[in-house]
Structures are given as structure tokens and as C-alpha cells.
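A quick write-up on the structure given underneath.
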Amino acid sequence: MGVIRRTGLFVLQVNPILCDSFGHCAELAPDLVHLDEWGYPIISSEPVPMADIGAYESARYAERGCPRKALHIAKIHPPAPEPVSRGRGRV
Ligand code: SF4
């Protein structure tokens with residue numbers, strides 16, 4: 001059995017045009033989604049590590065459970081490391 005490594009970050013995003021403000025997402029992902037006074041989701045734009053399994057699963061529940069398909073998990077991959085120059089290295 002293989003091991004799944006979760007690297008990178010994600011952000012749960014909402015499309016406010018599609019959202020109907022019913023607030024189901026706040027029940028599915030209470031750690032990520034809060035509602036404003038009209039029931040529209042307030043979601044932090046701070047990236048969350050993919051390794052945070054609980055947060056990622058909550059985001060997936062919310063994304064799948066949104067009746068208007070207004071939620072999207074945007075995956076953010078860290079920049080590739082700088083290439084290591086070889087040749088004229090240490091003397
Ligand atoms: S579940 Fe979807 S439609 Fe309902 S408030 Fe959340 S984002 Fe909006």
C-alpha cells in the first residue's frame with residue numbers, strides 16, 4: 001500500500017455570484033468558514049497546509065456539499081527550489 005504525501009498549500013475560495021448565502025458550508029467546515037450577518041461565507045485567504053488533513057477534509061466536504069457549486073479548493077504549490085549550480089562550486 002502506498003503512502004500519500006500531501007505537500008503544498010490550499011485555499012478554499014467562494015464564487016460570490018453563485019453563492020445563495022444559505023450557509024451550509026459553515027456547517028460542513030466550521031473551522032474554515034464563518035458566516036456574515038446575511039449568511040454569506042467569510043473564508044480566510046490565508047493558505048492552509050495540505051498536510052492539515054482535518055482542514056483539507058473539511059474543505060472537501062464543503063466543496064462537495066455546496067448546493068450551488070460555489071466553493072473551490074485552490075491548490076497552491078510552493079515555488080520550486082533554486083537550481084543548485086554545479087561546477088564552479090567550492091574550491
Ligand atoms: S454552501 Fe455554497 S451556496 Fe451555500 S453559503 Fe456556502 S458557498 Fe454559498
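Key figures for this structure:
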| quantity | calculated |
| --- | --- |
| Inter-residue pairs, beta-carbon under 9 Å, first closer than 16 Å to Ile42 by Cα and in region 58-70, second among the hydroxyl-bearing types (Ser, Thr, Tyr) and more than 10 Å from the ligand (Cβ to nearest atom), 6+ apart | none |
| In region 1-13, residue surrounded by the most Cβ atoms within 10 Å (Cβ to Cβ) [restricted to those that are in contact (Cβ under 8 Å) with a residue 60 or more places away in the chain and part of a loop (DSSP other than H, G, I, E, B)] | Gly8 |
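Every number here is computed from the coordinates shown, using simple stated rules; none is lab data. In this text the structure is predicted, and so the values were computed from the model without any measurement. Every residue, glycine as well, gets a Cβ built from its backbone with ideal geometry; the counts of neighbours run over all protein chains shown.
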